[in-house]
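Everything on this sheet refers to the single structure shown next.
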Amino acid sequence: MNSSAGPLASPLTASTRPVAPAILPGKGLLQHDFFYAGEDMVHNMYIVRKGQIVWHYHAANSRGEISDAMLLSNGNVLFAHQFGVTLIAADKTVLWHRDAPPGTEIHTAQMIGKQHVLYVQNGNPAQVFVVNIVTGVTVRQFGLPVKYPESTHTQFRRARLTDAGTLQVAHWDLGKVCEYDESGKQLISTDAPAVWSASQLKSGNMLFCSKDLACEVSPKGQTVWQFTPDDVPGYRVAEFQIAARLPNGNTLVNNWVNPWSEQIVPENAPVQAWEVTPDKKIVWVLRSWSNSTNLGPATVIQLLDEPAIPEEVHFGSIR
């Protein structure tokens, strides 16, 4: 999210900006099945299958933005929403919840197996927690370095476990992606200016994303591939947040528009995501702002074309 809310842009200004070509690549909502969530003034999450919204979570009286969310293999949804982290069932029953203590924020969370939730708590001190949601016991806790201890909001966004059972953390304020073992020992540090998200690829490389750069780097920090606003001429780029490498080798990059600093005009709002090939050909564009399928600002886009078990991860000995 923005670090401070600014004045709303006038509808005329927003509606007259060129946002995308008249004809968009791909098949729109029919291109992929996916789970979707975005940073917004209210909590909204969706599941889209065969071009239709088949599940929708809406909390009109919510507080805080959804910065991270994942659909689990059993239909449950875990989401981090700035002032807490919550696990809900498909019927939207709350299964587990933890509030962020005063002065702290939670912008990322990941399920480990069926019983553990890992989350990063922005604050002074900033900390990683792993909680057994059955017993309520915190089974792991350690501190993380930050550049600005008092600037809670800008410390961290996405953190993800690797196949090796380590934790990659996007240190937004430090401009680094750091990898930690389950004791909190830092193993690797890679420069990534203003980094919002990072994930380990099957090749061992890392894919990170900041507001105007999606970049794949080798373990030695060498740039292997990158995607910038210059690679999508004719489109209005608002802000990248998350880049995901797909099974087909393409990369999905979201385009988040900030509802706190801009009045979003659905008729002419920016596209919400691009799917691009390794040579940066755009093969699919998501743009869904109509009344019946208004998905809102884009942050999380989890493709559901192939069966997956996102919670099948471990953090050292924790499974």
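The values are calculated or read from the model by the stated rules, or taken from the named source; none is laboratory data. What you see is a predicted model, and the numbers here were worked out from it, not measured in a lab. Because the Cβ atoms are built from the backbone with ideal geometry, glycine has one as well, and the counts that use them run over all protein chains shown. Note: accessible area is taken over every heavy atom of the protein model, side chains too, but ligands, DNA and RNA are not part of it. Shrake-Rupley method; radii C 1.70, N 1.55, O 1.52, S 1.80 Å.
Report the full-extension gain for the segment residue 99 to residue 230: residue separation times 0.36 nm, less the Cα-Cα distance, to one decimal in nm.
So the extension gain works out to 43.1 nm.
Checking the cross-link filter: which aspartates and glutamates have an alpha carbon closer than 14 Å to that of residue 220, excluding same-chain neighbours under 8 positions apart?
Filter leaves 179, 191.
Which trypsin sites (Lys or Arg not before Pro) does segment 184-241 hold that lie in a coil by DSSP with at most 13 other beta carbons within 10 Å?
185, 202, 220
How large is ³J(HN,Hα) for each residue in segment 85-100, as worked out from phi by the Karplus curve 6.51 cos²θ - 1.76 cosθ + 1.60 (θ = phi - 60°), to whole Hz, x for Gly and Pro?
3J(HN,Hα) across segment 85-100, in whole Hz: 9, 9, 10, 10, 7, 4, 7, 6, 5, 6, 8, 7, 8, 9, 7, 6.
Any chance you could check the Cα centroid distance between segment 216-255 and segment 107-179 for me, in angstrom?
Taking the Cα centre of each part, segment 216-255 and segment 107-179 sit 24 Å apart.
FRET efficiency for residue 50 and residue 267, Cβ-Cβ distance as r, R0 = 22 Å, nearest 0.05?
Computed FRET efficiency for residue 50 and residue 267: 0.30.
Report, to the nearest whole %, how much of the accessible area of segment 140-215 belongs to carbon and sulfur atoms, 1.4 Å probe, protein only.
50
Would you calculate the separation in nanometres between label points at residue 260 and residue 292, each defined as 7 Å from the Cα along the Cα-to-beta-carbon direction?
The modelled label-to-label distance comes out at 3.4 nm.
Which residue, chosen from 146, 116, 166, occupies the Cα position most advanced towards the positive end of the dipole of segment 106-174, where the dipole is computed from +1 (Lys, Arg) and -1 (Asp, Glu) charges on Cβ about the Cα centre?
Towards the positive end, the residue furthest out is 116.
Mind checking the per residue accessible area of segment 160-281 for me, 1.4 Å probe, whole number of Å²?
With all protein chains present, segment 160-281 gives 40 Å² per residue.
In segment 110-201, which GluC sites (Glu not before Pro) are in a loop and have at most 14 other Cβ atoms within 10 Å, using DSSP for the loop call?
Hits after loop and neighbour filter: 150.
Given segment 271-319, what whole percent of its Cα pairs are spread farther than 16 Å?
I get 63 percent for the Cα pairs in segment 271-319 exceeding 16 Å.
Can you work out the Karplus-derived ³J(HN,Hα) for every residue in segment 223-238? Use 6.51 cos²θ - 1.76 cosθ + 1.60 with θ = phi - 60°, whole Hz, and x for glycine or proline.
Along segment 223-238, the couplings run 6, 9, 7, 8, 9, 10, x, 5, 7, 10, x, x, 10, 7, 9, 8 Hz.
So, counting K/R as plus one and D/E as minus one, what does the shell of residues with Cβ under 12 Å around residue 302 add up to?
My count for the surroundings of residue 302 gives -4.
With the cut-off at 32 Å, tell me which of the pairs 50/92; 185/280; 185/211; 27/202; 114/147 have Cα atoms farther apart than that.
Correct reply: 185/280; 114/147.
Each residue of segment 179-187 in order: what ³J(HN,Hα) in whole Hz does its phi give by Karplus 6.51 cos²θ - 1.76 cosθ + 1.60, θ = phi - 60°, with x for Gly and Pro?
Karplus values, whole Hz, x for Gly and Pro: 10, 10, 8, 5, 8, x, 6, 6, 9.
Given [x] 15.4; [y] 18.5; [z] 16.4 as candidate values of mean projected area of the Cα convex hull in nm², which corresponds to the one derived from the coordinates?
Given [x] 15.4; [y] 18.5; [z] 16.4, the structure-derived one carries the label [x].
Over 10 Å intervals from 0, what percent of Cα-Cα pairs in segment 106-183 sits in each interval?
20, 54, 24, 3
Quick one: if you take sqrt(5λ) for each eigenvalue of the C-alpha gyration tensor of segment 75-139, what semi-axes come out, biggest first, whole angstrom?
For segment 75-139, the ellipsoid semi-axes come out as 20, 13, 9 Å.
Under unit Cβ charges (Lys, Arg +1; Asp, Glu -1), what dipole magnitude, rounded to 20 debye, does segment 191-241 have relative to its Cα centre?
Dipole of segment 191-241, to the nearest 20 debye: 160 debye.
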